[in-house]
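*Asks:* Sending over a structure as structure tokens; questions will come in a sec.
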């Protein structure tokens with residue numbers, strides 16, 4: 001689904017099936033055919049609109065495009081409601097494999113007079129709305145509003161192929177000398193009996209303050225007994241900052257702190273206790289407000305062991321406040337020199353020898369002058385000019401030069417030109433990537449966004465179409481990384497970026513664009529009398545200070561996606577008000593603090609594709625989940641309590657592709673019916689769970705199961721036989737509780753697709769079935785072997801990518 005097309009991408013195929021399969025009244029069929037053809041024409045026009053930057057469009061064209069998108073959402077909601085109605089009334093043993101099967105079952109509805117009249121009325125209303133929007137389209141065409149779209153179209157041709165991933169090392173260009181100089185000034189080997197010494201790095205956004213602080217942190221953290229790196233950000237949540245600090249200081253002790261109900265004073269007391277007597281190195285990144293630092297410093301200033309603290313900020317007043325106590329230091333972040341700017345720019349575009357061909361030298365120098373040594377601007381433009389490891393034509397370099405106007409001025413804190421540069425890179429994206437990027441506006445500033453969570457949400461929203469949905473989603477994610485629109489973080493089991501963060505300047509831009517397009521409605525500080533003129537399609541609630549009276553009175557029946565973040569859990573809206581919700585994500589919220597939340601209503605959300613309850617301290621799994629027959633993702637990792645059983649009806653969720661449960665949750669009888677399942681994590685295989693059923697889950701790519709300490713040998717044999725049927729497995733983890741697993745013998749999984757294998761159980765010796773032919777793609781192996789011989793090590797050495 002493209003942002004510009006609304007729901008057109010998924011709606012039109014459904015209408016085509018309606019025309020082909022339904023035995024409708026002839027008049028109704030004519031209406032569907034007529035407005036389907038009109039919607040096709042509108043989709044073509046919308047694609048042309050999407051190719052033009054928003055500020056180059058006539059106002060009436062913007063209004064028309066918005067109307068068409070809203071119409072497509074409303075129409076798809078009606079069609080999906082028909083699907084839900086049929087599915088909800090079907091036999092629980094029905095085999096649902098796709099849209100065509102649903103359509104064939106819906107024929108019976110048209111034989112019922114009441115249902116036929118309701119459907120005919122709904123289609124008539126849609127037809128009238130389509131005709132109204134189409135009439136305005138014709139008027140605007142006559143007035144010439146669409147006439148100049150082709151002329152306004154950019155010269156740049158977007159290369160849709162995935163290009164090489166962004167190299168983190170590129171971002172360190174030009175800071176090595178500064179890093180080493182500041183490390184020297186911190187006097188790390190000096191008197192360890194003094195109060196903590198503070199270094200405050202100050203400068204406007206995009207200069208690389210965080211990169212410099214992280215580079216110092218990585219270089220010296222091994223010299224300290226206790227370290228932490230946390231972000232504060234503009235949308236201040238002191239409790240979260242202090243909890244993050246506690247978690248970084250002692251991960252094992254404070255692993256479950258996310259759900260704790262400690263107030264700020266209690267958290268400060270805990271931090272002081274944890275840091276007392278320790279020599280620590282802590283970075284507090286992105287402080288916007290003096291009062292925020294005044295509170296945080298209470299937790300850090302008690303120790304006298306020669307600790308060090310680094311703060312970063314855009315605000316000179318904040319940096320002065322940070323350094324007003326001891327012989328602390330303020331470092332004013334400087335733009336890159338001309339030489340370092342060239343190194344960063346050329347390294348991104350010309351990765352082989354970092355040399356710029358003579359014909360590009362003049363235009364590149366002029367582009368770099370406009371970037372004024374700001375790393376974010378340099379790397380963003382360089383990523384645009386590097387496509388598929390090929391240099392774009394010089395004509396496109398001049399398009400870039402002209403598009404960024406007068407350029408950034410030295411010391412410019414307003415950064416309007418920075419937004420212009422980022423806007424240029426945004427409009428250069430293919431429309432499907434624009435959609436995926438704007439979707440990130442749902443997440444708060446400095447939020448670490450898990451890649452797999454994000455991709456599953458994209459799929460649930462319908463942004464990704466075709467086969468191999470998750471692989472397509474990964475390529476979208478990687479391309480956004482490559483274009484420097486998002487910043488990659490961490491490494492996952494497959495050796496790829498595990499998560500991402502959006503630079504705050506980029507986040508400001510995409511939040512503005514998402515709001516203009518009515519793509520995402522972000523609720524942070526909302527006045528009681530706020531009036532929402534447009535229907536809310538995607539709702540993100542991020543702040544605890546909301547006045548939710550107005551939100552409840554405004555219609556939320558059209559909301560497709562609802563995400564609420566931990567500080568705002570008490571602003572949770574009644575689930576019964578959401579009529580077409582596809583994504584419900586409460587990850588990280590403490591549901592024990594939200595006593596009024598009734599999750600039993602989740603069974604009414606029949607359109608739901610994604611249900612995220614990870615790390616919510618949920619005490620009881622709602623039995624009603626089994627009613628969500630369109631559900632694709634069910635994430636129950638990190639819920640509270642033990643011995644939880646999924647409802648038996650969950651076994652009928654044939655569209656479920658990703659199931660994540662906590663380690664004490666066991667599968668229901670009949671789980672073999674989950675034939676679409678691609679990932680199953682932390683499933684507890686008690687003796688009541690039949691391992692025979694596992695063989696039917698042939699779409700599994702990732703499997704993580706837990707066996708009890710004394711698992712019967714006969715069941716272990718059945719388990720191994722079942723695993724042998726899963727030929728698409730790429731990740732396999734078998735964990736044991738307590739004692740080792742006996743009788744594993746010489747068994748090894750048979751999937752040649754395996755890239756990650758973790759067997760938590762004793763082998764007497766290395767299995768002979770480990771070989772380069774049986775495991776050609778294996779890159780990570782964790783296995784417990786009682787006796788290891790030299791020839792075993794030699795066999796491991798033959799695995800080509802281990």
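*Asks:* Kindly evaluate residue 599 against the criterion of being buried (at least 18 other Cβ atoms within 10 Å of the Cβ), under 29 Å from residue 471 (Cβ atoms) and out of contact with any helix residue (DSSP H, G or I) (no Cβ under 6 Å at 6 or more places or on another chain).
*Replies:* Against the criterion (buried (at least 18 other Cβ atoms within 10 Å of the Cβ), under 29 Å from residue 471 (Cβ atoms) and out of contact with any helix residue (DSSP H, G or I) (no Cβ under 6 Å at 6 or more places or on another chain)), residue 599 does not qualify.
Conditions tested, residue by residue: (1) closer than 30 Å to residue 316 by Cα; (2) assigned by TED's automatic domain parsing to the domain that holds residue 481; (3) at pLDDT below 85.
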position: 337; (1), (2), (3): yes, no, no
position: 345; (1), (2), (3): yes, no, no
position: 350; (1), (2), (3): no, no, yes
position: 355; (1), (2), (3): no, no, yes
position: 362; (1), (2), (3): no, no, no
position: 365; (1), (2), (3): no, no, no
position: 368; (1), (2), (3): yes, no, no
position: 383; (1), (2), (3): no, no, yes
position: 386; (1), (2), (3): no, no, yes
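*Asks:* Being without any contact (Cβ under 8 Å) to a residue 12 or more places away in the chain and surrounded by fewer than 21 Cβ atoms within 10 Å (Cβ to Cβ): is that true of residue 265 here?
*Replies:* yes
*Asks:* Residue by residue through the stretch 602-621, note down the ones that are within 21 Å of residue 459 (Cβ to Cβ), in a loop (DSSP other than H, G, I, E, B) and touching a strand residue (DSSP E or B) at 6+ places or on another chain (Cβ under 9 Å).
*Replies:* Across the stretch 602-621, the qualifying residues are 605, 608, 609, 613, 614.
*Asks:* Name, by its number, the condition in (1) assigned to a helix (DSSP H, G or I); (2) in contact with a strand residue (DSSP E or B) (Cβ under 6 Å, 6 or more places away or on another chain) that does not hold for residue 624.
*Replies:* (2)
*Asks:* Here are some residues: 700, 677. Which one is modelled with pLDDT of 95 or more, outside the structural domain of residue 754 (by TED's automatic domain parsing) and part of a loop (DSSP other than H, G, I, E, B)?
*Replies:* 677
*Asks:* Out of the stretch 370-381, which residues are at pLDDT below 85 and not in a helix (DSSP H, G or I)?
*Replies:* Selection gives 372 alone.
*Asks:* Next up: Can you tell me which residue in the stretch 395-432 is modelled with the highest pLDDT, limited to those that are part of a helix (DSSP H, G or I) and exposed (fewer than 14 other Cβ atoms within 10 Å of the Cβ)?
*Replies:* 395
Okay, residues lined up against (1) assigned to a helix (DSSP H, G or I); (2) modelled with pLDDT under 90; (3) assigned by TED's automatic domain parsing to the domain that holds residue 198:
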residue: 216; (1), (2), (3): yes, no, yes
residue: 254; (1), (2), (3): no, yes, yes
residue: 261; (1), (2), (3): no, yes, yes
residue: 281; (1), (2), (3): no, no, yes
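*Asks:* Just checking, does the stretch 777-795 include any residue being touching a strand residue (DSSP E or B) at 6+ places or on another chain (Cβ under 9 Å), in contact (Cβ under 8 Å) with a residue 24 or more places away in the chain, assigned to a loop (DSSP other than H, G, I, E, B) and surrounded by 13 or more Cβ atoms within 10 Å (Cβ to Cβ)?
*Replies:* yes
The values are calculated or read from the model by the stated rules, or taken from the named source; none is laboratory data. Just so it is clear, the structure is predicted and the values come from calculations on it, not from any experiment. Because the Cβ atoms are built from the backbone with ideal geometry, glycine has one as well, and the counts that use them run over all protein chains shown.
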